[in-house]
Amino acid sequence: MNFIRAREVMKRHFHPLGFDATMQTPHTLLARVFDSATGETLLTVTGIACTNQLSEQDVERIIRAIESDLELVTRDGVFNRS
């Protein structure tokens, strides 16, 4: 699938959080997960290996990488601010 379609799949996966991804270089992407209500960035991940054409396995790998980082941030209490 092309990058635009892959980005839409990832947006649906991370809903209700906001998600955006842009090609950082021809071979890497920058992903941002944010609070949909406030626009506050919760996580930015750079340098994820990617091309303009992705397989379903590529999309799953990218999602797992982002989820892994989100788990670390969540576990460290970043989302639990009072």
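Any read-out appearing in this document is the output of simple, stated calculations on the displayed coordinates, not a laboratory observation. Computed from a predicted model, the values in this text were never measured in an experiment. All Cβ positions, glycine included, derive from the backbone under ideal geometry; neighbour counts span all protein chains shown.
Tabulated data
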item: Nearest-ten-degree value, helix 56-75 long axis tilted from longest Cα axis of the chain; result: 20 degrees
item: Spin-label zone in segment 30-51 - amide nitrogen under 15 Å from a point set 7 Å from the Cα of R5 along the C-beta vector; result: 51
item: Fewest-first ranking of L29, L42, using other Cβ atoms within 10 Å as the exposure measure; result: L42, L29
item: Cα-based shape type of segment 1-43, given that a ≥ b ≥ c are square roots of the gyration tensor eigenvalues and the cut on a/c is 1.5; result: oblate
item: Of T38, T51, T25, the one that fluctuates the most in a GNM where the chain has Cα springs shorter than 10 Å; result: T38
item: Option label - mean projected area of the Cα convex hull in nm² computed here, alternatives [x] 5.2; [y] 6.7; [z] 8.0; result: [x]
